[in-house]
Amino acid sequence: MRDFHQYKVWSRGHQLALSIYKKTKGFPKEELFGLTSQIRRASMSIPFNIAEGCGRRSDAEFAHFLNIAAGSASEVEEELLLAYDLEFLEKESYLPLDKEVKEIKAMLSKLIDSIN
């Protein structure tokens, strides 16, 4: 079994989820069970799936959970864009989050490739 703490991509995913929680506090209250909830869940799914994959015994299982994390990262990327387009996020907040999620996706891709 692997220790998820050793993976920089897990750490960055964890930090992204924390940042998204903070930024979504200002979203409209009517979005609490809509976009706010969805983007929070998707962002948490990134480090959660990396951690869960680390608890699996085989490389194939680990890669499977990394692929799920990558899918969640793509979901977050779209949800951030939607939040920006709906003017829930200012450009100054959106751009760094978008950059971070794209870097996390690239890191996940490299890690998956190294396992396969």
Self-check item: Long-range lysine pairs (8 or more apart or interchain), the chain, Cα under 20 Å
Solution: 15
Quiz item: Where the centre of each part is set by its Cα atoms, how far does segment 11-56 sit from segment 61-77, in angstrom?
Solution: 13
Exercise. Could you tell me what % of all Cα pairs in segment 4-115 have separations over 17 Å?
Key: 49
Quiz item: In the Gaussian network model of the chain, springs joining C-alpha atoms below 10 Å, which of G71, G34, G53 carries the largest mean-square fluctuation?
Solution: G34
Quiz item: Taking a point 7 angstrom from the Cα of E103 along the C-beta vector, which residues in segment 1-44 have backbone N less than 20 Å away?
Solution: 5-24, 43-44
Quiz item: Which residues does a label at S74 reach in segment 1-15, if reach means a backbone N under 19 Å from a point 7 Å past the Cα toward the Cβ?
Solution: 13
Quiz item: Just S11, S72, S43 to compare: in a GNM of the chain, with alpha carbon springs under 10 Å, which one fluctuates most?
Solution: S11
Quiz item: Could you give the nm distance between label points at K8 and D85, where each point is 7 Å from its Cα heading toward the beta carbon?
Solution: 3.3
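Readers should treat all values here as calculations from the given coordinates under stated rules, not as data from a laboratory. Quick caveat: nothing in here was measured; it's all calculated off a predicted structure. All Cβ positions, even for glycine, are placed from backbone atoms using ideal geometry, and neighbour counts span all protein chains on display.
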